[in-house]
Each structure stands twice: as C-alpha cells, then as structure tokens.
Amino acid sequence: MIQPPLLFDRSLRRRRRERAAISFHSRDFLKKEAGVRLAERLGETRRDFPLALDLGAHTGLLASLWEASGKVGKYVQVDGAYGMARQCLMPALVCDEEMLPFREESFDLVLSVMGLHAVNDLAGALIQINRTLKPDGLFLAVLPGARTLFELREILALAEESRSGGFGARVLPFMDVRDGGNLLQRAGFTLPMADSETLCISYASLGALLDDLRGMGESNILTARPRRPLSPPLLAEADALYRQRYGNGEGGITATVELLYLTGWKAHPSQPKAARRGSGTLSLVKVLGEGG
C-alpha cells in the first residue's frame with residue numbers, strides 16, 4: 001500500500017495548538033463564522049440526527065450552534081489537542097483525525113469545522129469518517145479552500161526572493177473545490193458536493209495577521225518549511241509590499257479566506273440513484289422536434 005507523503009508535521013501542529021489553546025477564545029472569530037455558516041446548511045436538511053460527532057471541536061465553542069439547529073440530539077466532541085478538548089463544556093475525547101477510535105456505523109452525523117486541512121492522508125480520514133457513519137448518515141465539513149491566504153503566500157515569496165534570491169514554502173497549501181468533490185467520491189460518499197465562498201478579513205498590518213495565525217495555532221507546519229525565521233527587515237519589506245498590492249483603502253491590508261464546504265452521505269438503498277445509461281424512455285427527437 002502506497003503511503004501518502006508526510007506534507008505536514010503533525011506533532012508540531014499538536015504542540016502549537018496546545019499553546020494556542022490558552023488564549024484561543026480571543027482568536028476564534030473565524031471558527032465561529034465558519035461554524036455559523038455550516039450550521040445554516042445543517043438546518044436546511046430534512047433529517048434529524050440523534051447522535052453526532054464534532055470532529056476538531058477546538059474548545060467546543062460551536063456546541064450551542066448544533067443544539068440551536070434543532071437537528072442534533074446528542075453529540076460527541078473530539079479534538080487532537082488536550083488543551084483544546086479540556087475546555088469543552090462536556091466531556092471530550094482527544095484523538096487524531098487520522099486515527100478515529102470509533103466503531104463502524106456509530107454516528108448519524110459527522111461535523112467538522114476548520115479541522116481537516118492539515119491531515120496528511122485526507123482521503124484515508126474521509127474513508128474512516130464514512131465508516132463511522134450509519135447508513136444514510138451525513139458528513140458536513142468546512143475547511144480552508146485553495147485561495148486562502150493567497151496574498152500572504154505571494155508577498156512573502158516576493159519579499160524573500162528579492163533579498164536572498166530564493167524563497168521557501170511559508171504558507172500551507174489548501175484544497176480546491178474539484179479535489180474536494182473527487183475525494184468525497186473516492187471515500188465512498190454518495191451525493192457528494194463541494195462548493196465554496198470567500199471571506200475578506202482586514203488587518204492593521206502584516207504583523208497583526210501573523211499574530212492571528214499563531215494565536216489560532218495555524219502557523220507553518222510544513223515538513224519542508226524553511227527553518228530560518230523571517231527577519232525584521234524582510235517583514236518590513238513584506239508589510240510595505242502587502243499594503244501596496246492588497247491594501248484595504250484604510251491603511252491596513254486584506255486577507256482572503258476561502259471556505260470550502262464538503263457534503264456527503266453514507267450509502268443507503270433509499271437514496272436517489274442516477275438512471276442506468278440507455279434506460280431513458282423519452283425520445284430526444286420528440287423533445288427537439290422532428291426538424292431539430
């Protein structure tokens with residue numbers, strides 16, 4: 001079996017999220033916004049879900065949203081960082097998203113808000129999620145899409161190249177919509193759907209943006225990341241370049257976050273299926289007209 005490349009340093013991610021847990025409540029605005037939007041989608045379903053899994057719950061701050069939706073009965077919260085999980089208002093489990101400890105067909109619903117974008121084997125994680133769902137169970141997730149932080153990626157590369165003649169990968173790569181839909185299909189989900197929307201967030205400076213990323217536990221965890229820190233002169237040059245190219249018109253800068261939504265169902269005989277090719281009974285000639 002071919003193992004996926006280890007793109008992300010998962011142990012480093014865990015350590016950084018443990019540190020971020022202490023003051024995450026002051027940096028949780030993006031998690032909240034993404035959760036509100038996912039809860040709206042959950043509310044549009046015609047099903048109720050007696051038991052749900054909140055995968056990547058962080059500090060459990062979205063529990064009230066799941067309850068307010070009127071769709072979820074009981075739920076289990078899990079996170080990969082102990083410091084996050086211990087702040088949940090109800091008992092929470094600490095586990096890795098790549099090694100779920102649940103029995104097959106345990107949950108009616110699996111929700112994940114900004115918790116799956118730094119998984120090395122996302123296809124494998126989705127397969128595990130599918131297995132934990134009961135037949136006709138629902139998977140709903142939101143994670144950063146491909147356009148997320150494209151400004152920061154571009155600016156840091158330009159500033160570093162101008163000073164040293166080369167640049168390293170300092171911003172995580174994120175998945176695009178097409179890849180999201182393909183992964184859902186590969187994982188065995190039925191009725192798969194992937195779509196996205198964009199948020200623009202204003203910051204006073206590049207430093208404020210970088211502080212937010214650190215405070216969220218979302219700084220660079222690439223295994224191939226440069227080991228040298230960004231120097232103050234380089235950061236000053238990058239800040240000026242950022243304002244020039246992506247200023248917000250008020251002296252600050254704009255950062256893009258693309259929210260990528262994934263929706264998939266566990267297979268069940270009651271679900272609609274595509275008609276077998278060649279089984280149609282309607283004549284195309286009649287639809288278009290004899291002379292068409």
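The values are calculated or read from the model by the stated rules, or taken from the named source; none is laboratory data. Given the structure is predicted, the values throughout are model-derived calculations rather than measurements. A quick note on method: Cβ atoms are made from the backbone with ideal geometry, for glycine too, and the neighbour counts reach across all protein chains shown.
Pull out all pairs, ordered by first then second residue, where Cβ-Cβ is under 9 Å, the residues are six or more apart or on different chains, the first lies in region 220-248 and is touching a residue at least 24 places away in the same chain (Cβ under 8 Å), and the second is among the aromatic types (Phe, Trp, Tyr) and assigned to a strand (DSSP E or B).
Close Cβ pairs satisfying both conditions: Ile221/Phe8; Leu222/Phe8; Thr223/Phe8; Asn248/Tyr203.
Report whether or not Asp211 is assigned to a helix (DSSP H, G or I) and within 19 Å of the chain's Cα centre (by Cα). Reasoning before the result, please.
Values: assigned to a helix (DSSP H, G or I): yes; within 19 Å of the chain's Cα centre (by Cα): no.
No.
Checking the structure you have, find out if any residue of region 7-26 is surrounded by 14 or more Cβ atoms within 10 Å (Cβ to Cβ), in contact with a helix residue (DSSP H, G or I) (Cβ under 7 Å, 6 or more places away or on another chain), among the small types (Gly, Ala, Ser) and more than 28 Å from Asp212 (Cα to Cα).
No, because not a single residue in region 7-26 is surrounded by 14 or more Cβ atoms within 10 Å (Cβ to Cβ), in contact with a helix residue (DSSP H, G or I) (Cβ under 7 Å, 6 or more places away or on another chain), among the small types (Gly, Ala, Ser) and more than 28 Å from Asp212 (Cα to Cα).
Being acidic (Asp, Glu), surrounded by fewer than 16 Cβ atoms within 10 Å (Cβ to Cβ), farther than 22 Å from Ile127 by Cα and in contact (Cβ under 8 Å) with a residue 12 or more places away in the chain, is that true of even one residue in region 44-61?
Looking only at region 44-61, we keep the residues that are acidic (Asp, Glu), and these are 44, 48, 54.
Checking which are surrounded by fewer than 16 Cβ atoms within 10 Å (Cβ to Cβ) leaves us with 44, 48.
Within this subset, residues satisfying the condition of being farther than 22 Å from Ile127 by Cα are 44, 48.
In the following step, the residues that additionally are in contact (Cβ under 8 Å) with a residue 12 or more places away in the chain were identified as 48.
Yes.
Only residues that are within 29 Å of the chain's Cα centre (by Cα), closer than 17 Å to Gly166 by Cα and assigned to a loop (DSSP other than H, G, I, E, B): list them for region 221-256, please.
Ala224, Arg225, Pro226, Arg227, Arg228, Pro229, Leu230
So which residues in region 1-31 are farther than 12 Å from Met216 by Cβ and in a helix (DSSP H, G or I), if there are any at all?
Scanning region 1-31 gives Arg10, Ser11, Leu12, Arg14, Arg15, Glu18.
Take Leu61 and decide whether it is assigned to a helix (DSSP H, G or I), at pLDDT below 95 and of a type outside the set (Ser, Thr, Tyr). Even if it seems obvious, please write down each step before you answer.
Values: assigned to a helix (DSSP H, G or I): no; at pLDDT below 95: yes; of a type outside the set (Ser, Thr, Tyr): yes.
No: the conditions fail for Leu61.
Limited to region 86-145, what total is found for residues that are more than 21 Å from Ala194 (Cα to Cα), surrounded by 16 or more Cβ atoms within 10 Å (Cβ to Cβ) and aliphatic (A, V, I, L, M)?
2
Identify all residues within region 64-90 that are assigned to a loop (DSSP other than H, G, I, E, B), touching a Leu at 6+ places or on another chain (Cβ under 8 Å) and under 27 Å from Leu12 (Cβ atoms); write none if there are none.
Going residue by residue through region 64-90, those that are assigned to a loop (DSSP other than H, G, I, E, B) are 69-71, 80-81, 86-90.
Cutting the leftovers down to touching a Leu at 6+ places or on another chain (Cβ under 8 Å) gives us 69, 71.
Correct list: empty.
Can you tell which of Val177, Val110 is of a type in the set (A, V, I, L, M, F, W, C) and touching a helix residue (DSSP H, G or I) at 6+ places or on another chain (Cβ under 6 Å)? First the steps, then the outcome.
On the way: Val177 fails: touching a helix residue (DSSP H, G or I) at 6+ places or on another chain (Cβ under 6 Å).
Criteria check complete, one pass: Val110.
Please determine whether any residue of region 168-175 is free of Cβ contacts under 8 Å to residues at least 24 places away in the same chain and farther than 24 Å from Gly35 by Cβ.
Within region 168-175, none of the residues are free of Cβ contacts under 8 Å to residues at least 24 places away in the same chain and farther than 24 Å from Gly35 by Cβ.
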